[in-house]
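Here the structure comes first, spelled out in structure tokens, and everything after it is commentary.
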Amino acid sequence: MSDEKKNKGVHDGFSRRSVLGLGSAALAAAALAGLSAQGQTREGTQKAERDHSSSNPGQENKPLLEQNPNSNTPPPTDSGDVGPIWYSYDLTKKRIQEGGWTHQVTQRELPSSTDLAGVNMRLTAGSFREMHWHTADEWSIMLYGNARVTVLNPDGTIFIDDVSKGDLWYFPAGFPHSIQGLGPDGCEFLLVFDQGMFSEDGTFLISEWMAHTPPDVLSKNFGLPASALANLPTGSLYIFPADLPKSLAEDKAAVGGQNVQSPIQYTFKMEAMAPTKRTTGGEIRIVDSHNFPVSKNVATAMNIIKPGGLRELHWHPNASEWQFYIAGKGRMTVFMPVGSARTMDFNANDVGFVPANAGHYVENTDDTDLVFLELFKASEVVDFSLNQWIRRVPPEMVYSHLKLDKNALQTIPAEKLDILPR
Ligand code: MN
Ligand code: MN
């Protein structure tokens, strides 16, 4: 299996070149005629991959290599160092408490990601992520099950809603909120914070505030005798089990109904929304402050790429990209100056990273749909398409640079498709 995949990777490299119309003889000629010494080095690298030079008689972590053949034996186009672009939730420590668990990939685990950090959390039915707030904005997508969320506005209005798989929520920094797993089996979700060094362990918990305020002050604040406060928590709750709540309508009515209802919408049904763009190769849904106004500092594009499909070569001028892989298997190459490129494979539960402005593509390398999120610390998703760029400049200009003649150029999509047709 491992060797097959490795070989497949190498062959893919060659078949891509034959698609471009370069046989090996032509390629050698081109290397001599046009390409620099680096081009000839690439030939040498290709040869090295094919022969004894790439053999590895020593120890190997085979399961890891099988997950990431492009990292182990990079395509000959890879070069230099673009910094870390991969991590996986399945390498992180899980904090397990009664009622669920949590683990995180932050700048500590993936040092390139200074803008965003992610937390993956599970709550069983009825269990709470306790009432809290924090210094970063919180964006979230439901990955499984059902949950009830609440968030308070400074004007005293309250937002209460139920969310299920494919729904988003967004809580601004400092706004106090809660999450509770619902039936039949609670929930799992991804949280993304707009600070790379954010930690899920560094949030303001209602339980800890109670535990660290003099009891007589609490009595005075609540207007309650000490006896009424005898059972306050003395440490942090964080995640803990509880009974299932009443219905959404009953909970809303119990706190004051319409009179106290938030005029701001903090949840969004992303998976249920029509794709922003769709081709035979897949579909993309873009959710940012244009269609989800409260999501001011985090923008997202959810990609579903069919087998063999490609998220086209592109870059983002306004932010770095933090990726979360939900399903399937893909590979990405990140291109950076000077002449640097890194290719890696991505599986479900992996995190990917692309520096701002760095060129990249994401290719589905398996026979099932590849589902992944592009996330940006930005108010909107902005990208440049390589295809569109070379169709918007005069064909002679493209020929001068890339030796693509007019006829070939005409077949390249002139519009930004995001996910190319197969
Ligand atoms: Mn939170
Ligand atoms: Mn991108």
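None of the figures in this text is laboratory data; all of them are computed from the coordinates on show. Note that the structure is predicted; figures quoted are calculated from it, not measured. Cβ atoms come from the backbone with ideal geometry, glycine included; neighbour counts cover every protein chain shown.
General observations
- Note on region 273-422: percent of Cα-Cα distances in each 5 Å bin, starting at 0 and stopping at the bin with the largest distance, equals 2, 10, 17, 21, 21, 15, 9, 4, 1, 0.
- The modelled label-to-label distance between D90 and T368, using points 7 Å beyond Cα along the C-beta direction, is 1.2 nm.
- Remark: relative contact order (the chain) = 16 percent; criterion is Cα-Cα distance under 8 angstrom and separation of 6 or more residues.
- Sites W209 and T157 - FRET efficiency at Förster radius 25 Å, r taken between beta-carbons, to 0.05: 0.65
- Residue-averaged [θ]222 nm for the chain, counting only DSSP H segments that reach four residues, each worth -39500 (n - 2.57): -6000 deg cm²/dmol
- Cα gyration tensor category, rounded, prolate or oblate, for region 98-189 with a/c compared to 1.5: oblate
- Ordering of 361-367, 127-133 by burial proxy (mean other Cβ atoms within 10 Å per residue, highest first): 127-133, 361-367
- In terms of its C-alpha gyration tensor, the chain has a prolate overall shape, because the principal axis ratio a/c (a ≥ b ≥ c, square roots of the eigenvalues) is not below 1.5 and a/b outweighs b/c.
- Subtracting the Cα-Cα distance of K62 and T124 from their residue separation scaled by 0.36 nm leaves 18.9 nm.
- Relative contact order (percent, whole number), region 199-265, Cα cutoff 8 Å, 6+ residue spacing: 32
- Dipole of the chain, positive end: most advanced residue of N407, L64, S379 [Cβ charges, Cα centre]: N407
- Local net charge near D194, Cβ-Cβ under 9 Å (Lys/Arg +1, Asp/Glu -1): -2
- Check: region 350-422 dipole with +1 on Lys, Arg Cβ and -1 on Asp, Glu Cβ, in debye: 480
- Label-point separation in nm, S400 to E380, each point 7 Å along Cα→Cβ: 3.2
- Leading residue at positive end of dipole, the chain (Cβ point charges), from F175, F198, F240: F198
- Under the simplified labelling scheme, the F222-K269 pair shows an inter-label distance of 3.9 nm, with each label point 7 Å from Cα along Cα→Cβ.
- Basic side chains Lys and Arg get +1 at the Cβ, acidic Asp and Glu get -1 at the Cβ, and with that the dipole of region 245-307 about its Cα centre reaches some 200 debye.
- The charge dipole of the chain, taken about the Cα centre with unit charges on the Cβ atoms of Lys, Arg (+1) and Asp, Glu (-1), comes to about 940 debye, rounded to the nearest 20.
- Shape call, region 266-347: gyration tensor on alpha carbons, a/c limit 1.5: oblate
- Here the Karplus curve 6.51 cos²θ - 1.76 cosθ + 1.60, taken at θ = phi - 60°, turns the phi angles of region 282-295 into couplings of x, 9, 9, 10, 10, 10, 8, 5, 5, 10, 9, x, 5, 7 Hz, with x standing for Gly and Pro.
- Summing +1 for each Lys or Arg and -1 for each Asp or Glu among the other residues whose beta-carbon sits under 12 angstrom from that of D418 gives 0.
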